[in-house]
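Undergrad: One structure follows; several queries about it will come next.
Each value in this text was obtained by applying a stated rule to the coordinates, not by laboratory testing. Just so it is clear, the model here is predicted, and its values are computed rather than measured. Cβ coordinates were reconstructed from backbone atoms using ideal geometry, including for glycine residues, and neighbour counts include every protein chain displayed.
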Amino acid sequence: MKLATLKNGTRDGKLVVVSRDLTRFTDASFLVPTLQAALDDWRRIAPHLAAMAESLETNAVPSARFHEHDAHSPLPRAYQWADGSAYVNHVELVRKARGAEMPASFWTDPLIYQGGSDSFIAPRDPIRMADEAFGIDMEAEVAVVVDDLPMGAGLDEAREAIRLVMLVNDVTLRAITGPELAKGFGFFQSKPSSAFSPVAVTPDELGDAWDGGKVNLALLVDLNGKPFGRANAGVDMTFDFPALIVHAAKTRPLAAGTIIGSGTVSNKLDGGPGKPVAAGGAGYSCIAELRMIETIEGGEPKTSFLHFGDTVRIEMKDKAGHSIFGAIEQKVEKYEGEKGT
Ligand SMILES: O=C(O)/C=C/C(=O)CC(=O)CC(=O)O
């Protein structure tokens, strides 16, 4: 089934079930008001939501047009957002780009940071930043939402606890990352609010593209209407989702509704760095990687980070070419303070 949260003026929005083709929705909020409430009681609630989803497909329940613009991130805020870095090729490239050495252990020991989860951006809302000089970059990723998991959960438990899959734009401020990580205390200012796809789907909706650990489909990243990234999320994922979840749960339980991110989807090409889409490659899911390739080839980066007015679009299509999660589409705008303050 496909689930979305419509904006309704409350912090957590209203839960709806969305049709497979993303054209219609039926209100689920009479059954359970929010996605977090559904996740809190998943074993009891999910069969009812699945029945509504089937009824929606056969027009057996009232429905209305689904507009991706009306959707919030499926969880507008979450108890936990833990983002991995499973495509180690990405970390290797961004570290090179800022002249930092990547420890060899990153290939065997998963890397996860805890992101801010109190203020996710809606998928069609702008990325508002005070200054372009922060080095505003997108990071296109896949994420899963898990059920309750005990501390020390193993791989099978972790795989079984994956309830939903969605896409993410893990906005990153490259000019702040280097100095911030050098302080040795992790990301904070360099990772502002993330945005998630309009729709979250249960793994069965992915068919054989879901192998229990990763999504074997291309992640489509467009910048200002032009193809920028077409990396396959099932390729070069050194740690799959169960492995990331096991890592996250090693020393603490994970609460229902915890979001685990894949990290920036990144494909190597013949064992080396990839090529831009325009040059026949799979391209990139963030600008920092392209800048590194440009530096390797020409001594310096040519592509700038995002400017005010730029638009980033992140989407994934099934083998028939239909959008699975709807699209994250965000314009970068100057933050001028909150209206009315
Ligand atoms: O500069 C770095 O070392 C890392 C920068 C990132 O933004 C990495 C990250 O968020 C993890 C990922 O997307 O794989």
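Undergrad: Which is the longest run of the chain containing none of the GluC sites (Glu not before Pro) found in DSSP loop states (not H, G, I, E, B) with at most 13 other C-beta atoms within 10 Å?
TA: 102-335
Undergrad: Could you tell me which residue out of L93, A104, G225 lies farthest along the dipole of the chain toward its positive end? Charges go on the beta carbon: Lys and Arg +1, Asp and Glu -1, centred on the Cα centre.
TA: Value: G225.
Undergrad: Considering only Cα-Cα distances, which of the following residue pairs are longer than 20 Å: K7/K319; K275/K331; K226/K302; K302/K334; K96/K268?
TA: K7/K319; K275/K331; K302/K334
Undergrad: List the relative contact order of the range 263-305 as a percent without decimals, with contacts defined as Cα pairs under 8 Å and 6+ residues apart.
TA: Reported as a whole number, the value is 27 percent.
Undergrad: While we're on this one: Note down the relative contact order for the range 45-198 as a percent, whole number, built from C-alpha pairs under 8 angstrom at least six residues apart.
TA: Relative contact order here is 25 percent.
Undergrad: Ok, one more. Before rounding to the nearest 500, sum -39500 (n - 2.57) across all DSSP H runs of length at least 4 in the chain and divide by the residue total; then give [θ] at 222 nm in deg cm²/dmol.
TA: Mean residue ellipticity, 222 nm, calculated: -5500 deg cm²/dmol.
Undergrad: Where in the chain lies the longest segment free of trypsin sites (Lys or Arg not before Pro) that are both loop residues by DSSP (not H, G, I, E, B) and have at most 12 other Cβ atoms within 10 Å?
TA: 12-182
Undergrad: Among the lysines, which fall within straight-line cross-link reach of K183, defined as a Cα-Cα distance under 17 Å, with same-chain neighbours fewer than 8 residues apart omitted?
TA: Candidates past the 8-residue exclusion: K191.
Undergrad: Oh, and also: Just want to confirm a number: the relative contact order over the range 182-341, from Cα pairs under 8 angstrom separated by 6+ residues, in percent.
TA: This gives 25 percent for the range 182-341.
Undergrad: Can you give the charge dipole size of the range 1-81 about its Cα centre, rounded to the nearest 20 debye, using +1 on the beta carbon of Lys and Arg and -1 on the beta carbon of Asp and Glu?
TA: Here the range 1-81 has a charge dipole of around 120 debye.
Undergrad: Here's another thing I want to ask about it. Excluding same-chain residues fewer than 8 positions from K339, which aspartates and glutamates have a Cα within less than 16 Å of its Cα?
TA: Cross-link targets: D125.
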